[in-house]
Amino acid sequence: MKSQTRLKVGIIGLGAIGGHVANCIEKGEAGNAELVALVCRNKEKYLTINKDQSSHFKSLITDDIEALFNAKPDIVIEAAGQESLNQYGITILEKGIDLLVSSIGLFTNDDILDAFTQTAEQSGAQMLLSAGALPALDWMSASSLSKVKKVFITQEKPVISWKGTHAEKLIDLDAITEPTCFFEGTAREAANIFPKSSNISAMLALATVGLDKTKVRLVADPISLIMNTLIEFDSEVGQLQLNCQGIPSPENPSTSTGVPLSIVKSIRNLSSPIHYGI
Ligand SMILES: NC(=O)C1=CN([C@@H]2O[C@H](COP(=O)(O)OP(=O)(O)OC[C@H]3O[C@@H](n4cnc5c(N)ncnc54)[C@H](O)[C@@H]3O)[C@@H](O)[C@H]2O)C=CC1
Ligand SMILES: O=C([O-])CC(=O)C(=O)O
């Protein structure tokens, strides 16, 4: 893609991530990019509920995926969850449109990842897997070109962030009085069981030692309102221990506020003559 060309962007899913990204593009904060279509589940319902937010997007909002294709985007941002990524992803790539993915957890299924990759290879489109809420991915993925001994990620989120997830079946979220670990396993298992919450562990795994060697702990914290991501990474070229304290999104407490900004940064890079930290 030519960086000097104005990037035409479509978005699927207008929740905490997609809605914020759309607003940033609209305000000119995402570089040389313009919105061409915004896909939600039910247009009328969306326009009624989000009257203020959506008034300036009215002409762009649709619940018909064909309208998105007719708008001829250069890139589609998936911000709607694993199910819709599975539903639309291959078609987007077949049409030669680049696909920026939020719901990385879908790719814990090797067959699905292979099918997407082969389609992209055949059409020449690119699959761009968002770092999202995952810090320091550039250094860790580069260091994974050397020998890696350990990749361990702990996601500690406030109790409210785990409501409505499988965590409720494993512990009594309302009864815990201290940070409580309710899951320990591989990145593949975590992303399968907690599809809306383990995208960063799937991303870390895919970019480093793989889904079965990356270890994950999930913790519910009854007191803190912070999204704590702790990473331990040990490789031949160096070690990293970090603790990133993110703020939950006001629109969706299981998503960090930094996720849409990560996508905005990507759009800036893709539409700019200079990439920072590629
Ligand atoms: N990579 C990362 O760091 C992160 C990735 N995610 C992924 O991003 C996804 C979106 O996250 P949020 O914006 O926080 O969720 P959200 O629940 O706030 O918004 C999702 C929106 O997508 C819409 N949607 C669902 N299916 C659709 C379809 N078929 N067509 C059009 N719209 C559809 C929903 O109605 C909702 O408005 C999550 O499901 C998760 O898989 C979430 C958090 C972090
Ligand atoms: O937003 C976050 O903090 C991370 C998250 O939900 C995910 O990995 O899916």
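Miscellaneous remarks
- Using θ = phi - 60° in the Karplus curve 6.51 cos²θ - 1.76 cosθ + 1.60, the 3J(HN,Hα) couplings for region 35-52 round to 7, 10, 6, 10, 9, 10, 6, 9, 4, 4, 5, 4, 5, 6, 6, 9, 3, 5 Hz; x is entered for Gly and Pro.
- Restraint check, Lys213/Lys265; Lys43/Lys265; Lys8/Lys265, Cα-Cα greater than 20 Å: Lys213/Lys265; Lys43/Lys265
- Within straight-line cross-link reach of Lys163, lysines at Cα separation under 24 Å, skipping those fewer than 8 residues along the same chain: Lys196, Lys215
- For the chain, calculated [θ]222 nm from helices alone, where every DSSP H run of n ≥ 4 adds -39500 (n - 2.57): -9500 deg cm²/dmol
- Rounded to whole numbers, the Karplus 3J(HN,Hα) couplings from phi for region 147-162 are 6, 10, 9, 8, 9, 9, 10, 10, 10, 9, 10, x, 3, 4, 5, 9 Hz, using 6.51 cos²θ - 1.76 cosθ + 1.60 with θ = phi - 60°, and x at Gly and Pro.
- With the biggest extent put first, the Cα atoms of region 137-246 measure 44, 24, 17 Å across the principal axes.
- Simple Cβ-charge dipole of the chain, Lys/Arg +1 and Asp/Glu -1, about Cα centre, in debye nearest 20: 540
- Each of Leu230, Ser198, Gly210 was placed along the dipole of region 137-246 (beta-carbon charges, centred on the mean Cα), and the one lying farthest toward the positive end is Gly210.
- Percent RCO, i.e. relative contact order, over region 137-246, from Cα pairs under 8 Å lying at least 6 residues apart: 42
- Note that the chain, at 37 °C in a medium of 0.692 mPa s, gets a Stokes-Einstein diffusion coefficient of 169 µm²/s from its Kirkwood radius over C-alpha pairs.
- Stretchable slack from Gln118 to Cys181, in nm (0.36 nm times residue separation minus alpha-carbon distance): 18.9 nm
- Inter-part distance where region 134-161 and region 219-278 are each reduced to a Cα centre, Å: 10
- Highest mean packing comes first when the peptides 264-276, 195-207, 169-181 are listed by Cβ atoms within 10 Å, giving 195-207, 264-276, 169-181.
- Beta bridge orientation in the chain: antiparallel %, DSSP, nearest 5: 50
Each value in this text was obtained by applying a stated rule to the coordinates, not by laboratory testing. What you see is a predicted model, and the numbers here were worked out from it, not measured in a lab. Virtual Cβ from ideal backbone geometry, glycine too; neighbours counted across all protein chains shown.
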